Amino acid sequence: MATVGTKASVRNLATPFSSDKMVHGDFGKAPLIPVNEDFKWKLLSEILNVFGFRSCRQILTKRNILPLSKSVPALKIVLLSMFFSCEISYAVRKLKEKESLRTFLKISSIPTEKEIYGLLSKYEPQQFTDFVFELLNDLCPKRKSESRGIISVQKYCFLAVHLV
């Protein structure tokens, strides 16, 4: 293999599929491009719609997750990063780059990583999990004598196992 004289051309020979805009560490990560036909994006959309419900806002207020104008976008970003197994910093960076992603999440201002981690640091992991299950189970019809809630999201199902 011949070596070309400039650093840029050497880099392009070494990594032919990378682009100059690619940030170090982004190679191999999910591109986070909302696709309406994709099952995962449809399901995430239905889950994120819960934040528009009055009952959701009441749960957030009850748990003192305030102000709602900052906490709701932060929680949506956390769920996005959990859903696609990526770091919060990556999700925030992609949100800044892609208007389509901001539109999908229905957020106009993007919280900083520091604000998101500040919100998360207020809770133990189990408290956060319980909170998410409370939000999701709020969509479920009440069931007798079972500790599982099945959330019917149009024709899809999301199983939320709630340990009592």
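Cross-linked pairs 62/122; 40/70; 62/106: Cα-Cα separations exceed 20 Å for 40/70; 62/106. Loop-located trypsin sites (Lys or Arg not before Pro) across the stretch 71-119 with a Cβ neighbour count of 15 or fewer within 10 Å are 98, 106, with loop assigned by DSSP.
Computed from the coordinates by the stated procedures, all read-outs in this text should not be read as laboratory data. None of the values given here were measured: they were computed from a predicted structure. As a convention, Cβ positions derive from the backbone with ideal geometry for all residues, glycine included, and neighbour counts pool all protein chains shown.
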